[in-house]
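The values are calculated or read from the model by the stated rules, or taken from the named source; none is laboratory data. Everything numeric here is computed off the predicted structure, so don't read it as measured data. Glycine also receives a Cβ, built like all others from the backbone with ideal geometry; neighbour counts cover every protein chain displayed. The accessibility values were calculated without ligands, DNA or RNA, using every heavy atom of the protein model including side chains. Shrake-Rupley method; radii C 1.70, N 1.55, O 1.52, S 1.80 Å.
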Amino acid sequence: MTLTSKIALVTGAGTGIGSKTSLRLLEEGYSVVMAGRRLELLENTKKEAGDLGSRILIAQTDVGNPESVRELFTKIRVTFGRLDLLFNNAGIGAPSVPLEEISFEQWKSVVDTNLTGAFLCTQEAFRIMKEQKPSCLLYTSPSPRDS
């Protein structure tokens, strides 16, 4: 794998927006960690990248599982030593049925993927970004009270 100075992580990278974003980031010179539950779909996107696929690291990950997310970020640290961009894209929907027919397990799966997953990945990204040099700069626009 060719290392570049810019490292991006895209969750839900096997299909749709995640796949297309991964390919675009490669075109922009990033090395891309493609994370997702379905390995075959991640590998398909890597094939689609052609020669740029040499800058892809595939990580089968369930973002709703804290241990899986920790393993993902350990892999990023070991392989690249840094992370410059996190694209929280993983998401699932509930079945298209009346609300009263959605089971608790289906509800929990949606919340774990869509909300908990974004939280866990952002938390781990902050940890790695704070450790790296140069460190990540964050900008927050001033509130009206600060003027």
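All of (1) assigned to a loop (DSSP other than H, G, I, E, B); (2) crowded, with 19+ Cβ neighbours inside 10 Å; (3) not charged (D, E, K, R) hold for Leu26 with one exception: (1). Residue check: Gly36 meets all listed conditions (1) in contact with a strand residue (DSSP E or B) (Cβ under 9 Å, 6 or more places away or on another chain); (2) without any contact (Cβ under 8 Å) to a residue 40 or more places away in the chain but one, namely (2).
Identify all residues within segment 60-76 that are within 14 Å of the chain's Cα centre (by Cα) and open to solvent by 30 Å² or more (accessible area, probe 1.4 Å); write none if there are none. Within segment 60-76, Gln60, Asp62, Asn65, Pro66, Arg70, Glu71, Thr74, Lys75 meet the criteria.
Scanning segment 39-59 for residues being more than 15 Å from Ile17 (Cα to Cα) and either surrounded by fewer than 17 Cβ atoms within 10 Å (Cβ to Cβ) or of a type in the set (A, V, I, L, M, F, W, C) (or both) gives a total of 12.
Residue selection: Gly91 fails the criterion of being small (Gly, Ala, Ser), surrounded by fewer than 23 Cβ atoms within 10 Å (Cβ to Cβ) and closer than 10 Å to Ile7 by Cα. Residue pairs whose Cβ atoms lie under 8 Å apart, sitting 6 or more positions apart in sequence or on different chains, and linking a residue in segment 69-90 that is assigned to a strand (DSSP E or B) to a partner that is open to solvent by 70 Å² or more (accessible area, probe 1.4 Å), are Leu85/Lys6.
The residues of segment 7-23 that are surrounded by fewer than 24 Cβ atoms within 10 Å (Cβ to Cβ) and over 30 Å from Lys133 (Cβ atoms), listed by number, are Thr15, Gly16, Ile17, Ser19, Lys20.
Within segment 106-129, residues that are under 21 Å from Gly93 (Cβ atoms) and at pLDDT 95 or above reach partners that are in a helix (DSSP H, G or I) and of a type in the set (Lys, Arg) with beta carbons closer than 9 Å, at six or more positions or on different chains, in the pairs Leu120/Arg70.
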